Amino acid sequence: MSRWPIRQVSRDKLGDRALSDKVHKATLHTMAGRAGLVASEPHWEQLRTRAREARVRALDDHDGLLARFCDKLEARGVGVTVAKTPAQACEHITRLVLDVGIRVTKSKSMTSETVGLNAALQRAGVVLLESRATLKDIGPNLCPNLGPLHARMPLLPFSLTLFSISEP
Amino acid sequence: LPEDTAVQVGLFVPCFVDLFYPEVAIATVRVLEHLGVHVDYPEDQTCCGQPQFNTGRRDDARALALRFCRVFDRFDTIATPSGSCASMVRHHYGALVGDHPVRARVFELSEVLARHLGATNLGAKLEGRAVLHVGCHAEHELHVGSDTRTLLDHVQGLSIVQVRSSAWCCGFGGTFSVKFPEISTAMGRRKLEPMLDQDVDFLISTDSSCLMHLAGMLSREGRTRPRPVHVAEVLATCVEGA
């Protein structure tokens with residue numbers, strides 16, 4: 001069972017017409033952006049076909065590719081641990097971090113958000129500074145209580161008028 | 001299509017049409033026969049395997065794809081009144097059966113009529129205003145939207161109305177509507193709103209699956225307009241008594 005049951009959440013949120021309008025507008029905006037990109041790339045369909053074939057090849061041989069990746073890492077001296085659950089992943093990473101110190105700079109990643117790594121590190125007393133690569137990544141800073149959604153999606157429910165942007 | 005007089009086409013009838021809207025298959029046969037095409041319906045055909053493919057059941061999908069290729073292998077041209085199923089065979093069978101020659105011989109009905117037979121004015125007649133919904137696969141994967149529009153532009157008495165939602169997805173998405181019925185329905189409702197504002201008589205589509213989704217919502221709201229109609233049914237009005 002997911003920690004974020006999408007059926008229930010979507011059912012609840014669908015009653016919010018204003019939010020629904022914003023998601024719809026954002027979707028159309030994304031589609032228009034994609035259409036512009038497609039129009040600018042003369043070999044779009046060929047590239048898309050190649051990408052699709054690569055994806056299907058990878059899916060068909062997922063376990064084999066993963067094993068090869070791990071072998072290559074180990075050949076270069078990298079230690080590889082396979083975690084079967086989010087809890088195992090958090091436990092292992094926390095142990096590695098605490099072996100070194102408690103002040104950590106961590107890059108933003110959706111995988112770490114999904115497994116709840118930040119919370120696990122903070123529970124262990126780690127002082128965490130998370131890097132933000134781009135402007136869109138400031139979403140969780142503005143709305144930290146909305147949980148591990150996609151980095152820019154937390155901003156969607158709000159209207160721009162709620163924020164005052166000051167020049168640096 | 002071969003340039004001889006006795007053009008033969010294999011007819012692939014998608015599950016939705018077979019089980020819910022057989023009149024669409026009958027209309028397809030009438031249109032093709034009206035143009036002198038010999039239509040052959042292999043009775044051992046089944047589902048193309050798209051629901052299985054889209055839900056990750058690759059082996060089940062492959063078995064159906066192999067069956068499809070075997071059943072339709074004897075045809076140079078295979079016509080189907082569904083952009084979704086045609087696209088499944090043409091664009092996604094590669095992942096299941098590789099480069100099987102049957103893949104490239106499957107065409108959505110508008111493609112067969114407008115591109116291969118060069119028939120744009122069939123003499124069809126339908127009085128009223130309509131919104132055209134070209135299914136996502138037909139529009140974005142097969143690029144048949146312009147063929148469908150050309151065919152409908154020649155239907156006497158029919159006026160195609162452009163609404164804000166004309167190009168939007170109806171929200172059906174096959175198994176998507178089963179996994180996420182609330183989102184699917186919300187998308188359909190949003191699709192219908194601008195049509196209802198325009199007070200159109202017909203909702204015409206290339207795909208019965210999209211029509212079933214939208215028609216279900218309309219009927220549950222007790223609406224009798226717009227009336228959902230498949231492109232094949234519109235074009236079949238060219239035949240006396242259709």
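The values are calculated or read from the model by the stated rules, or taken from the named source; none is laboratory data. Quantities reported herein were computed from a predicted structural model and do not represent experimental measurements. When we count neighbours, we look across all protein chains shown, and the Cβ atoms used for this are built from the backbone with ideal geometry, even at glycine. The area values use the complete protein model at the heavy-atom level, side chains included, leaving out ligands, DNA and RNA. Shrake-Rupley method; radii C 1.70, N 1.55, O 1.52, S 1.80 Å.
What to note about this one:
- Accessible area per residue was computed with a 1.4 Å probe on protein heavy atoms; residue B:20 scores about 120 Å².
- Over the protein assembly as shown: helical MRE at 222 nm, DSSP H runs n ≥ 4 each giving -39500 (n - 2.57), nearest 500: -13500 deg cm²/dmol
- Debye-formula intensities of the protein assembly as shown, expressed as log10 I(q)/I(0) at q = 0.10, 0.12 Å⁻¹, are -0.85, -1.10 (one equal scatterer per alpha-carbon, no solvent).
- Cut-off 18 Å (backbone N to label point 7 Å along Cα→Cβ of residue A:52), residues of region B:142-164: B:142-145
- Residue A:118 sits among other residues whose Cβ lies under 12 Å from its own Cβ, and their net charge, with Lys and Arg +1 and Asp and Glu -1, is +1.
- Global size of region B:110-209 as Cα Rg and Dmax, reported in angstrom: 14.4, 42
- Peptide B:67-73 - average C-beta neighbours from other chains (10 Å radius): 0
- Spin-label zone in region B:44-58 - amide nitrogen under 20 Å from a point set 7 Å from the Cα of residue B:91 along the C-beta vector: B:48-58
- Rounded D (µm²/s) - region A:36-123, Kirkwood Rh over Cα pairs, Stokes-Einstein at 20 °C, 1.002 mPa s: 130 µm²/s
- Shape call, region B:51-193: gyration tensor on alpha carbons, a/c limit 1.5: oblate
- Note on residue B:220 and residue A:61: their simple-model spin labels are 4.6 nm apart, each label 7 Å out from Cα toward Cβ.
- With only the Cα atoms considered, region B:1-90 has a convex hull volume of 91 Å³ per residue.
- Taking the protein assembly as shown as the region of interest, the number of lysine pairs whose Cα atoms are within less than 24 Å, with members eight or more places apart or on different chains, is 17.
- The slack between residue A:122 and residue A:100, meaning 0.36 nm per residue of separation minus the straight C-alpha distance, is 6.4 nm.
- Translational diffusion of chain B, µm² s⁻¹ [Kirkwood Rh, Cα pairs; Stokes-Einstein; 4 °C; 1.567 mPa s]: 71 µm²/s
- Label point distance in nm, residue B:167-residue B:19, each placed 7 Å from Cα along Cα→Cβ: 3.3 nm
- Positive-end extreme of charge dipole, chain B - chosen from B:146, B:236, B:124 (charges on Cβ): B:146
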